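Remarks on the structure that follows.
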Amino acid sequence: MDSSSAAGDLGAAVNDPQLQHFIEVETQKQRFQQLVHQMTELCWEKCMDKPGPKLDSRAETCFVNCVERFIDTSQFILNRLEQTQKSKLPFSESLSD
C-alpha cells in the first residue's frame with residue numbers, strides 16, 4: 001500500500017458518518033468518566049476524614065452536598081459556555097435558529 005492510497009483510506013474514514021458518530025459518543029463517554037473522577041476525588045478529599053467500615057452521617061451529608069454542588073456547578077458552566085457560543089455566532093447564523 002502506498003502513501004496516497006493510505007491517505008485516501010484515511011480521508012474516507014474521516015468522512016464516514018458512522019465513524020464520526022462513534023467517535024463523538026466515545027468522546028462524550030470519556031468526558032463523563034473524567035467528570036466522575038474529578039467529582040470523586042474532590043468530594044473524597046473534602047468529606048472523608050478517616051476511612052472506616054461505615055460512613056457517619058456527617059460524611060454522608062457532606063458527600064451528598066458535594067456531589068449536588070459539583071453537578072450544579074458543571075451545569076452552570078456548560079450553560080454559560082453555550083450562551084457564549086451562541087452570542088458569538090455571525091448575525092446570519094443566529095437568524096436561522
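Scaled against the 2.2 N^0.38 Å expected of a compact globular protein of N residues, the Cα radius of gyration of the range 44-90 reads 1.79.
Modelled spin labels at Glu41 and Leu19, positioned 7 Å past Cα toward Cβ, are 3.3 nm from each other.
Every read-out reported here was derived from the displayed coordinates using simple, explicitly stated rules and does not represent laboratory data. Quick caveat, the model's predicted, so the values are computed rather than measured. With ideal geometry, Cβ positions are generated from the backbone for all residues, glycine too; neighbour counts draw on all protein chains shown.
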